[in-house]
Amino acid sequence: QVQLVESGGGLVQAGGSLRLSCAASQRTFSRYIMGWFRQAPGKEREFVAAISWSGGSTSYADSVKGRFTISRDNAKNTVTLQMSSLKPEDTAVYYCAADASWVTAATPAGYDYWGQGTQVTVSS
């Protein structure tokens, strides 16, 4: 069982930046593909970014490509989402997820473990 705890959400003006972190409880963290997803009110949960076990491969949704960066520190059992040039449409609850194959890394159903989410609100 992996426990994931997100932090770093908040309110920011459009064009600003935020850094989300996700801390994992498992020492086997480095074996998991990690992903970030988001869910806005009334919408389905959508893929944001994913990172491979080593951090050598990353994947991004087109809507965040060039603005968001996912990274991980296996020594600290953490994965980070650096968000810049934020837009009001980025407003959502952001979730960290663990344990997917790379083939399914962009789909929520591919993940076994989820954090509780952290709210990101971007004002115009």
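Take the Cα of SER30, step 7 Å along the line toward its Cβ, and report every residue of the stretch 58-98 whose backbone nitrogen sits under 13 Å from that point.
73-78
Of all the C-alpha pairs in the chain, what % are more than 25 Å from each other?
Counting pairs separated by more than 25 Å, the tail of P(r) holds 15 percent.
What FRET efficiency would be calculated for the residue pair GLN13, GLN116, taking the C-beta separation as r and a Förster radius of 30 Å, to the nearest 0.05? Could you put the intermediate results ahead of the total?
On the way: r = 25 Å, r/R0 = 0.85.
Rounded to the nearest 0.05, the efficiency is 0.75.
Given a Förster distance of 30 Å, report the FRET efficiency between ALA23 and THR58 from their Cβ-Cβ distance, rounded to the nearest 0.05.
E(calc), rounded to 0.05, equals 0.95.
Quick one: pull the percent of accessible area on the chain belonging to carbon and sulfur, 1.4 Å probe, ligands and nucleic acids left out.
Working: 2960 of 6240 Å².
Of the solvent-accessible surface of the chain, carbon and sulfur hold 47 percent.
Once you keep just the Cα pairs under 8 angstrom separated by 6 or more residues, what percentage relative contact order results for the stretch 44-124?
About 27 percent, as a whole number.
So, for the stretch 1-83, what is the accessible surface per residue at a probe of 1.4 Å, expressed in square angstrom?
In whole numbers, the stretch 1-83 has 53 Å² accessible per residue.
With +1 on each Lys and Arg Cβ and -1 on each Asp and Glu Cβ, and nothing else charged, work out how big the dipole of the chain is about its Cα centre, in Debye to the nearest 20. Don't jump to the answer; show the numbers that get you there.
Working: 11 positive and 9 negative charges, 50 e Å.
Once rounded to the nearest 20, the dipole reads 240 debye.
Label THR104 and SER124 with points 7 Å out from Cα along Cα→Cβ: what is the distance between them in nm?
My value for the distance between the label points is 3.8 nm.
Compute the distance from the alpha-carbon center of the stretch 26-47 to that of the stretch 51-124, in whole Å.
One Cα centre to the other: 6 Å.
If the cut-off is a Cα-Cα distance under 29 Å, which lysines reach LYS87, setting aside same-chain residues fewer than 8 apart in sequence?
Partners within reach: LYS43, LYS65.
The values are calculated or read from the model by the stated rules, or taken from the named source; none is laboratory data. Nothing here was measured: the structure is a model prediction, and the numbers come from that model. Counting neighbours? That spans all protein chains shown, and the Cβs are built from the backbone with ideal geometry, glycine included. These accessible areas exclude ligands, DNA and RNA; they are computed on the full protein's heavy atoms, side chains included. Shrake-Rupley method; radii C 1.70, N 1.55, O 1.52, S 1.80 Å.
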